[in-house]
Amino acid sequence: MVKRVVTGNYAAAFAAMLARVDVIAAYPITPQTFIVEHLSEFVNDGLLDSAFMRCESEHSAMSACVAASATGVRTYTATASQGLALMHEVLFIAGSAHLPVVMPVVNRTVAGPIGIWAEHNDTMPQRDTGWMQVYVEDNQEVMDMTIQAFKIAEDKRVLLPIMVCLDAFILSHTVEPVDFPDQDKVDKFLPPYRPDHAVLDPKDPMIIGSFSPPEYIQEVRYQTDETMRNALEVVEEVNAEWAKEFGRDYGGLIEEYKTEGADAILITLGTVTSTARDIVDEYRAAGKKVGLVKLRFFRPYPTEAIRKVASKCKAIGVYDRAVSFSAGGPSWIEARNALYGYTIPVINVLAGLGGRDVTEPDIRLMFDKVLEAAEKGEAENEIVWIGTRGVKP
Amino acid sequence: MDRHQGGETIGITIKTLPEEELFTSGHTACGGCGAPIVVRAAMKILGPNTVTYFPACCLLVFGGTYPHNAFKVPYLHVLFENSAICAAGIKQALNKQGKEDVNVVAFAGDGGTGDIGFQALSGAAERNEDILYICYDNEAYMNTGIQRSGSTPFGAWTTTTPAGTKIGGKELFKKDIPKIMMAHNVPYVATASVGHPADMLRKIEKAKNMKGFRYLQIFAPCPTGWRMDTAKTVEVAKKAVNSGMWTLFEMVDGVITLSVKPKMEPVDDYLKMQGRFRHLTDEQIKIIQGWAYKKNEMDLKFVEAFSEDKKE
Ligand SMILES: Cc1ncc(C[n+]2csc(CCOP(=O)(O)OP(=O)(O)O)c2C)c(N)n1
Ligand code: SF4
Ligand SMILES: [Mg+2]
């Protein structure tokens, strides 16, 4: 193992190399560009032996990954924001045909207005495409989860594509010390991909993507749903194996921080988690009973894990960096669905949209709102916009 | 610099066409459809060591609805507008596995090729992806019920260019996709027609044996959409060439040759065989005739400018 100080983008690109991907197809977009550039350098320096398709669009990059994956090889791409939106149509094919493409997505606001900073309104709308989504907190996790992503996606019980979601700039362009796993250990952890369900080969003709009548499609949907549910278990297994081999345990579907004895728990996702951890320490030191849950996987959604958390506290706040207009933040909507029948207040805190900084005072306010709800047993407002000009939180 | 190798043909003719059917009977194309003529012949020439791709188009549907299928080779369908890149993705992935000998072909309609699919097509051509791309041109979006495409000729009735009382059919001219493909400087670009089978077979075989990006656009009448006799597919296709409505040529490494010199017969006969032109006024027919003459004149100049003797 070697420790190097690198950006999230570098970690995402290097992880593809460690995973020995066969085909990469990509198109540059800020803030993902460095991933494509680093991969180009690896290929041109002879370090990475992949077919590297420098496509003319993200729609084509994803199409190339899907088509290549359908021949039975390991594929990788990366994108952000508008690029992911352009891929939308193709994403469904990977999910329904069980093609385990791995894709880091650098979360960036989707226009309009056009911006380049962190927001989750690019990945959240893709939740129903059949892709798994894991949200990460630091550059080490970018590296580790990109490698784990292949293992989870290629598991025979799952066979679904996966997005590794990292916040724009906060991770993509910021350097942090990262432990680089050894190649031979990664090779042992991640054996070559050898599928039998999707292999385009004239020696054993197979048709993938046939025009299908209603007699068959519903079963396809059921299978995607079923394998997505299977992934709940596989995520935990892979996390445990990773922890054993590489010494870093991420908790699997969610990570809990000081939830024991907490009255008020905040569920975060992405980089905001790190700041929230500090605030938990500060509040605990002051005798305030708060705890934190880092939601790692949004798909598959860890319903059971969230219920367990809810059964030990008095109120929950769910942080979102995206909004489903008139309905609330997507992570909150999901949590409330999971907690149907639970009587504790579950409030939504929205902050950091368009890449606005989510500061310590913002997070204190979030915890204060959840603490207040825990005390009263109800919340004044279910959806709280924090740090919005002209809007009282 | 020549971007390809190969291109040798053993001279497959209708008589020596392999007997093995890789695109079998039982497909559900309408009677007289030109597209399956193209696909059947191409599959015979390409042979069993082939992987194919189809976008959304008539072929995807008549080629087989799950669990039925007319193909004996593997095929992939992903979407409507990404045929060229999907074929390229397949090819690159097969190469990575050491299966370099497998032919990868995309068959697509004119809409999936020159309109919505053009970005992916142009990108794959620019990168000289090692695939064969065959567009069967039936001059409209047939699968969705005969809507106009960029390839629909002037005056033609379609459901989105109806023969109205104010406007009669399409007001714009057919987009010249083959010439746009030539501008990509790919190893091989050719036009062909189901009305000239010997020429078509030769071109498919030649394209098969070349490397790099190869583009073939094959004129394939659609009796259903063209409102014509299902027994006249080949005759109509022949007349298109003879009247200069469709020109047969090929470009190999920048050298363009005319395959069949247009006889420039009046367009009337060609138009009269098809209901899609039934509403045309004399004025409109004159416009079409003028277009054919002009196109022919330009084509001849073009062929002359890129002929073998002009290559230094
Ligand atoms: C993104 C998208 N837009 C529209 C369609 C609907 N659609 C399917 S096939 C087709 C027309 C196909 O026309 P063409 O490529 O010429 O093939 P043909 O049916 O004529 O053989 C259209 C518009 C689609 N499948 N996908
Ligand atoms: S509608 Fe036209 S192109 Fe489609 S199958 Fe029928 S004849 Fe062929
Ligand atoms: Mg068509």
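The values are calculated or read from the model by the stated rules, or taken from the named source; none is laboratory data. Remember, predicted model here, so these are calculated numbers, not experimental data. So basically every Cβ, Gly included, is an ideal-geometry build from the backbone, and we count neighbours across all protein chains shown. Side chains are part of the model used for accessible areas, which takes the heavy atoms of the whole protein and leaves out ligands, DNA and RNA. Shrake-Rupley method; radii C 1.70, N 1.55, O 1.52, S 1.80 Å.
With all protein chains present, how much of the accessible area of segment A:254-385 (probe radius 1.4 Å) comes from carbon and sulfur, to the nearest whole percent? Roughly 47 percent of what the probe reaches on segment A:254-385 is carbon or sulfur. Between the Cα long axis of helix B:282-305 and the first principal axis of chain B there is an angle of about 40°, rounded to the nearest 10. Please label the shape of segment A:136-188 as rounded, prolate or oblate, based on the square roots a ≥ b ≥ c of the eigenvalues of the alpha-carbon gyration tensor (a/c under 1.5 means rounded; beyond that, a/b larger than b/c means prolate, else oblate). Oblate shape, in that a/c is at least 1.5 and b/c is the bigger or equal ratio.
When A:L84, B:L172 are compared by accessible area at a 1.4 angstrom probe, the order from most to least is B:L172, A:L84.
Under the shape rule built on the C-alpha gyration tensor, where the axes satisfy a ≥ b ≥ c, segment A:32-109 is oblate, since a/c reaches at least 1.5 while a/b does not exceed b/c.
Amide H to amide H, with H built 1.01 Å from N, B:T160 comes under 5 Å of B:R148, counting only residues 5 or more places away or on other chains.
In this Cβ point-charge picture (+1 for Lys and Arg, -1 for Asp and Glu), segment B:184-228 has a dipole of about 120 debye about its Cα centre.
Of the residues B:V234, B:I204, B:I146, the one whose Cα sits farthest toward the positive end of the charge dipole of the protein assembly as shown, with +1 on the Cβ of Lys and Arg and -1 on the Cβ of Asp and Glu, is B:V234.
Buried between A and B is an accessible area of approximately 3000 Å², summed over both sides with a 1.4 Å probe.
Within the accessible area of segment A:2-246, the carbon and sulfur atoms contribute 54%, probe 1.4 Å, all protein chains present. Our summary gives chain A a relative contact order of 16 percent, counting only alpha carbon pairs under 8 angstrom and 6 or more residues apart. Using the Karplus relation 6.51 cos²θ - 1.76 cosθ + 1.60 with θ = phi - 60°, the per-residue 3J(HN,Hα) values for segment B:41-49 come to 5, 4, 5, 4, 6, 5, x, x, 8 Hz, with x marking Gly and Pro.
Helices in the protein assembly as shown, meaning DSSP H runs of at least 4 residues, each add -39500 (n - 2.57). Divided by all residues, the mean residue ellipticity at 222 nm is -11500 deg cm²/dmol. Counting only DSSP beta bridges whose two residues both lie in the protein assembly as shown, roughly 30 percent are antiparallel. Placing unit charges on each Cβ (+1 for Lys and Arg, -1 for Asp and Glu) gives segment B:1-133 a dipole about its Cα centre, and among B:G34, B:L76, B:F107 the Cα reaching farthest toward its positive end belongs to B:L76. Probing with 1.4 Å while keeping every protein chain in the model, the per residue accessible area of segment B:91-194 equals 32 Å².
Among beta bridges identified by DSSP and lying wholly in segment A:254-385, the antiparallel ones come to about 25 percent. Couplings for segment A:289-306, taken from phi via the Karplus curve 6.51 cos²θ - 1.76 cosθ + 1.60 with θ = phi - 60°, read 8, 10, x, 9, 10, 8, 6, 8, 9, 9, 9, x, 7, x, 3, 4, 4, 5 Hz in order; Gly and Pro are left as x.
Considering only A:F180, A:F367, A:G130, and ranking their Cα positions along the charge dipole of chain A that arises from unit charges at the beta-carbon of Lys, Arg, Asp and Glu, the one farthest toward the positive end is A:F367. Most simply put, segment B:35-310 has about 30% antiparallel DSSP beta bridges, counting only bridges with both residues inside it. Annotation: amide H-H contacts under 5 Å for B:C135 (H modelled 1.01 Å from N, sequence separation of 5 or more, or interchain): B:A108, B:L216, B:Q217, B:I218.
Peptide packing: for B:178-190, B:281-293, the average count of neighbouring Cβ atoms within 10 Å per residue gives the ranking B:178-190, B:281-293, highest mean first.
Going by a 1.4 Å probe on protein heavy atoms, which residues of segment A:172-209 end up with at least 20 Å² less accessible surface in the whole assembly than in their chain alone? Residues meeting the cut-off: A:L200, A:D201, A:P202, A:P205, A:I207, A:I208, A:G209.
Tell me, what is the per residue accessible area of segment A:2-246 in Å², probe radius 1.4 Å?
Per-residue value: 36 Å².
Karplus-based coupling profile of segment A:140-148, in residue order and whole Hz: 4, 5, 4, 4, 5, 6, 5, 6, 4, with θ = phi - 60° in 6.51 cos²θ - 1.76 cosθ + 1.60 and x standing for Gly or Pro.
Per-residue shielding of B:98-105, expressed as the average number of other chain Cβ atoms within 10 Å of the residue Cβ, stands at 2.
Protection proxy ranking, highest mean first, for peptides A:218-229, A:21-32: A:21-32, A:218-229, where packing is the per-residue count of other beta-carbon atoms within 10 Å, averaged.
Amide H to amide H distances under 5 Å link B:K175 with B:S151, B:T152, where only residues 5 or more positions off or on other chains count and H is placed in the peptide plane. Each Lys and Arg Cβ is given +1 and each Asp and Glu Cβ -1; about its Cα centre, chain A then shows a dipole of about 600 debye. Taken about its Cα centre, segment B:35-310 carries a charge dipole of roughly 420 debye when the Cβ of each Lys and Arg holds +1 and the Cβ of each Asp and Glu holds -1.
Taking the accessible area of chain B, probe 1.4 Å, and keeping the other protein chains in place, the carbon and sulfur fraction comes to 55%.
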